[in-house]
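Structure first, then comments.
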Amino acid sequence: MMITKPLSLLLVDDSRIARLSLKRQLQALGLEMSLLEADSADSAETLLQTATPDIALIDFNMPGRDGLQLAEGLKQSHPHMRMALVTANIQDALAKRAQALGMAFLPKPTTAEQLSAFIQQEK
Amino acid sequence: MQNFSEQSGSCLSNILDNLDCTDLLHSLDGGVLLLDAQCRIIFCNRWFSRHTGLKEASMLGKTLPELYPEQLPLPLQDALETGCRQRMGRILSYQLHKRLLPLQRRTPRGELQPLHQSILIKPLSQSELTLVQCLDITNAVKREQHLRAGERILKLERTVLELIATGDALDNVLNEICNTVEQLIPHAPSAIMLLDDERELLHIKSAPSLPSAFMQREPGLNINTAATTCTRAVQTRALAITADIHQDDSWQPRREMAQRLQMAACWAQPIIAAFDEVIGVFACYPQTPHSPNEFERQLLQRMAHLAAIAMERHRRVERIRFLAMHDPLTGLPNRSLLNEHLGRNLRRAHREGNQFALMFIDLDGFKQINDQHGHDAGDDLLSVLGSRMTEQLRGTDTCARIGGDEFVVMLETVHSVDSATQVAEKILSCLSAPVQRGQQQLKVSASIGIAIYPDDGTSADALLTGADDAMYQAKAKGKNCWYRFN
Amino acid sequence: MDLFSADEHDLIVELMNMGVGRAAHALSQLVNDEVLLSVPRLEFISVPEAQQAFRKDLPPFLAGVMQDFEGFINGRAALLFPEARSLELVNAMIGEDLSADEITELEHETLAELGNILLNHCLATLANQLKQQVQTDIPQAFSISADELPGTLNLYQSDSENTLVMLVQIDFSLRNSALRGYLAFIIDLRSADAFVTALRAYLAELL
């Protein structure tokens, strides 16, 4: 028998509203999960010193370091954490850079289907 | 004042009320379409029918993508949709969309050509309709192209002038000029040809985009016998144009080559240097038959002028270099150039395992000539003997004058000591033959010291000292003879 | 101006961010190259504040594009650049590496389309996400001095008591060109009620 541990997710976005709407969509998926929130690359890194979430959803366009710069560091420090870049900027060049870092690419505003597909995909 | 404007205002609205709007739209010099919320054409003005070649009736009720299936660029389709359905005003500019609607316009000469356009999409307030305006900006595009081309020439001219100013190698500068023209006149490889010193043959000096086979095609075009576009440019000192090589009889002998290299036309601009001297030709070979337009003519002229500047600078630099490296009296290399050649030859001989010979030559009895007949006579004698010696040598050998009556000959390679001594014999006899100067007969002889690389030394110093010592031995042995260093 | 709560302000920024991101995508497809646009910095100011800000922050000569809009909010939107840099941007867009001295007719049109794409995406995203409607007019490009700007943007004519200026600062980078531009939305406050209502409705669903 398998014991399912609740999924732990980190949301990184400078906009509280963006995090809120993402949270609402995630909750609507009806999965058991715990959520962590950070409003910048720096605060995300501080959080990750003590927590080890399974998944990180990272906004691209943020003041200070952008989402890709953050992910680059996290790839080293948290190699087992799955990451997705969540952005309204859906240029191919950006998507390619995200892929190069092993990240998924979710266009903003996200849809429930895309979110659930990413979260529930096989590790 | 207020009264007046009120009056004229009401007057104007009266007039406008009575105006037939449709008539107004038909008389506009530009395309006007009215689309409904489903992007269907519900009105199209006469300009539009004229430039599409479609009857108004056949357009009504259709959308533009229906009229031109799979011909409209995506951004245009998208803009029409956002305009009609989402009520967003749009502009599609020419520079970002070189192709919009497949419209054509007639030139003053009656030829049909694509119509350059920009498109405005304006959702009308208080109605479901969207106005699509198509502006013919062909003339603006022409003006713009002109402006851009002018700027581009200036910029490239600057690059070339900088290359010239910084003393870049002539080949680089000429290649750059060809590249410049090829950027501005696409699909037309170009070449720079220069006249040789005899001003008879045109040689290709630079043709970066043409195969090397073209560079080596023949010994050169004889400007007196070959009648081609390029030789015509030299003779007439003006731009010569062959708009279609296959219609031009003078190209008969080279037609096969032209075909192979995809040359369809030839435009040749003479390169004219100071004192109106034609020194070469700038040639351009378009791949489709046609004549140059005004811009292209100007470009050819300016680039030929740049080539002339580069050539003249190169000549001046060469002249200065020649003066610095040669003896002004005999025109023979001086000590500096001898050292240069000697150094180069030492490295080569070392690399290839060759033998070579160095001869130190001192005239016997030259001081008496000076004393008896004066310095002018001495100078004339040196000059004649200098050329006599050069005649005994191969082009690759060096004969240098390194002092008053001292010469050094370097035989670039010798197979044996014998072949060096044979040359020494020839030099002895040519130097001892009397020189006629007016009534006077001047006669000297020479003593020659020979040193052979590598047997007698492997450095420049060792070889020169060795040959010098050997020359004194020859003097001691009674002059008018050679002596091999040992 | 405390017309908007912190959450409402945040929401507008996020919607602008989305609009700008989509505009970047649209532009990148047009120019076949990546277009980078920064996080917009948003400020709501009154007409006198706007005039002061323009005088202080903007270079003496400007090029720009403006577009009227009407619907759930009414007003005039503008994209503003330093005049010389706007030419650079146009050149980068059309892949020219030349620096012309003067902006030409065609370049004006290109600039107009650039502004058109940006402003339309911002306004459309704002309207769509808030489930509202907005209609835009065709864009007009202009080159003016900073002193003429308030006149061009209609700041004098409109009732300044009832006008709100939403100023958005944004950095562009395209090919080797990087420059700062401003988006200014001159909003008729008489329509701002609808704006606030729409924002609150959106937030009510979230919170």
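The values are calculated or read from the model by the stated rules, or taken from the named source; none is laboratory data. Keep in mind the model is a prediction, meaning the values are calculated, not measured. A quick note on method: Cβ atoms are made from the backbone with ideal geometry, for glycine too, and the neighbour counts reach across all protein chains shown. Ligands, DNA and RNA are excluded from the accessible area calculation, which covers all protein heavy atoms including side chains. Shrake-Rupley method; radii C 1.70, N 1.55, O 1.52, S 1.80 Å.
Does the range C:170-177 include one or more residues that are basic (K, R), at positive phi and modelled with pLDDT under 85? Don't jump to the end; show me each part of the working.
Start the filter on the range C:170-177 by keeping residues that are basic (K, R), which leaves C:175.
Pick out the ones that are also at positive phi and you get C:175.
Right, trim to modelled with pLDDT under 85 and you get C:175.
Yes, the range C:170-177 has at least one match.
Give me the strands (runs of 3 or more DSSP E) completely within the range C:1-113, filtered to those with at least 3 residues that are within 14 Å of C:Q169 (Cα to Cα), ordered by residue number.
Numbers: elements: C:35-37, C:41-46, C:61-71, C:75-82.
Ranges flagged: C:41-46, C:75-82.
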Exception for C:L114 within (1) of a type outside the set (K, R); (2) at the interface with chain B (Cβ under 8 Å from one of its Cβ atoms); (3) closer than 28 Å to C:Q52 by Cα; (4) touching a helix residue (DSSP H, G or I) at 6+ places or on another chain (Cβ under 7 Å) falls at (2)
Those strands (runs of 3 or more DSSP E) completely within the range A:38-112 that have 1 or more residues that are in contact with a Gly (Cβ under 6 Å, 6 or more places away or on another chain) are A:55-59, A:82-87
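Quick one: in the range A:60-95, of everything that is over 17 Å from A:D42 (Cα atoms), of a type outside the set (A, V, I, L, M) and away from chain C (no Cβ under 11 Å), which residue is most open to solvent (accessible area, probe 1.4 Å)?
Residues of the range A:60-95 over 17 Å from A:D42 (Cα atoms): A:79-82, A:84, A:86-95.
Narrowing further to those that are of a type outside the set (A, V, I, L, M): A:79-80, A:82, A:87, A:89, A:91-92.
Checking the rest, the ones that are also away from chain C (no Cβ under 11 Å) come to A:79-80, A:82.
Values: A:P79: 89, A:H80: 171, A:R82: 44 Å².
Filtering first and then ranking leaves A:H80.
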Just one listed residue, out of B:I320, B:I309, is without any contact (Cβ under 8 Å) to a residue 12 or more places away in the chain, over 30 Å from B:Q422 (Cα atoms), within 44 Å of the chain's Cα centre (by Cα) and not in a strand (DSSP E or B), and it is B:I320
Residue pairs within 9 Å by beta carbon, gap of at least six or interchain, first lying in the range B:372-387 and without any contact (Cβ under 8 Å) to a residue 40 or more places away in the chain, second among the acidic types (D, E) and surrounded by 19 or more Cβ atoms within 10 Å (Cβ to Cβ), listed first then second, are B:G378/B:D405
Among (1) buried (at least 18 other Cβ atoms within 10 Å of the Cβ); (2) within 12 Å of chain C (Cβ to nearest Cβ), A:A98 falls short only on (2)
Picked from the range B:438-459 (must be small (G, A, S) and within 29 Å of B:L346 (Cα to Cα)), the residue most open to solvent (accessible area, probe 1.4 Å) is B:S459
Taking the range B:460-477 and keeping residues open to solvent by 40 Å² or more (accessible area, probe 1.4 Å), touching a strand residue (DSSP E or B) at 6+ places or on another chain (Cβ under 9 Å) and not hydrophobic (A, V, I, L, M, F, W, C) leaves B:T465, B:D468, B:D469, B:Y472, B:Q473, B:K475, B:K477
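I need the full set of residues from the range B:170-189 which are of a type outside the set (S, T, N, Q), touching a helix residue (DSSP H, G or I) at 6+ places or on another chain (Cβ under 9 Å) and away from chain C (no Cβ under 14 Å), in order please. Write out each step before concluding.
Kept after step one, since they are of a type outside the set (S, T, N, Q), are these residues of the range B:170-189: B:170-171, B:173-174, B:176-178, B:181-182, B:184-189.
Cutting the leftovers down to touching a helix residue (DSSP H, G or I) at 6+ places or on another chain (Cβ under 9 Å) gives us B:170, B:173-174, B:176-178, B:181, B:184-185, B:188-189.
Passing the criteria: B:L170, B:V173, B:L174, B:E176, B:I177, B:C178, B:V181, B:I185, B:A188, B:P189.
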- Among the residues of the range C:21-41, is any surrounded by 18 or more Cβ atoms within 10 Å (Cβ to Cβ) and within 13 Å of C:L123 (Cβ to Cβ)? yes
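Being among the polar types (S, T, N, Q) and open to solvent by less than 60 Å² (accessible area, probe 1.4 Å) is the filter here; which residues of the range B:371-422 pass it? Walk me through how you get there before you give the answer.
Kept after step one, since they are among the polar types (S, T, N, Q), are these residues of the range B:371-422: B:372, B:383, B:387, B:390, B:392, B:396, B:398, B:413, B:416, B:419, B:421-422.
Within the range B:371-422, B:S383, B:S387, B:Q392, B:T398, B:T413, B:S416, B:S419, B:T421 meet the criteria.
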Here the residues within the range A:101-115 that are open to solvent by 30 Å² or more (accessible area, probe 1.4 Å) and within 14 Å of chain C (Cβ to nearest Cβ) are A:F105, A:P107, A:P109, A:T111
C:I45 vs (1) open to solvent by 40 Å² or more (accessible area, probe 1.4 Å); (2) hydrophobic (A, V, I, L, M, F, W, C); (3) more than 24 Å from C:N176 (Cα to Cα): all pass except (1)
Note: among B:M193, B:M215, just one is at pLDDT 90 or above and either surrounded by 14 or more Cβ atoms within 10 Å (Cβ to Cβ) or not charged (D, E, K, R) (or both), namely B:M193
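Yes or no: A:L35 open to solvent by 20 Å² or more (accessible area, probe 1.4 Å) and part of a helix (DSSP H, G or I)?
Working: open to solvent by 20 Å² or more (accessible area, probe 1.4 Å): yes; part of a helix (DSSP H, G or I): no.
So A:L35 does not fit the description; no.
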Only one of B:T180, B:T228 is without any contact (Cβ under 8 Å) to a residue 60 or more places away in the chain and under 18 Å from B:Q287 (Cα atoms), namely B:T228
Reported set for the range C:79-95 where residues are within 17 Å of the chain's Cα centre (by Cα) and more than 14 Å from every other protein chain (Cβ to nearest Cβ) is C:L80, C:F81, C:P82, C:E83, C:R85
Is at least one residue of the range B:62-83 of a type in the set (A, V, I, L, M), in contact with a strand residue (DSSP E or B) (Cβ under 9 Å, 6 or more places away or on another chain), open to solvent by 20 Å² or more (accessible area, probe 1.4 Å) and over 28 Å from C:N116 (Cβ atoms)?
-> no
Listed by first then second residue, the pairs whose first member lies in the range B:344-358 and is without any contact (Cβ under 8 Å) to a residue 60 or more places away in the chain and assigned by TED's automatic domain parsing to the domain that holds B:S416, whose partner is of a type in the set (V, I, T) and open to solvent by 100 Å² or more (accessible area, probe 1.4 Å), with beta carbons under 7 Å and at least 6 positions apart or on separate chains, are none
Scanning the range C:117-149 for residues that are surrounded by fewer than 17 Cβ atoms within 10 Å (Cβ to Cβ) and facing another protein chain (nearest Cβ under 8 Å) gives C:Q133
Pairs returned, first residue in the range B:79-107 that is more than 7 Å from chain C (Cβ to nearest Cβ), second residue that is open to solvent by 30 Å² or more (accessible area, probe 1.4 Å) and of a type in the set (D, E, K, R), beta-carbon separation under 8 angstrom, 6 or more apart or interchain, are B:G83/B:K122; B:R105/B:D136
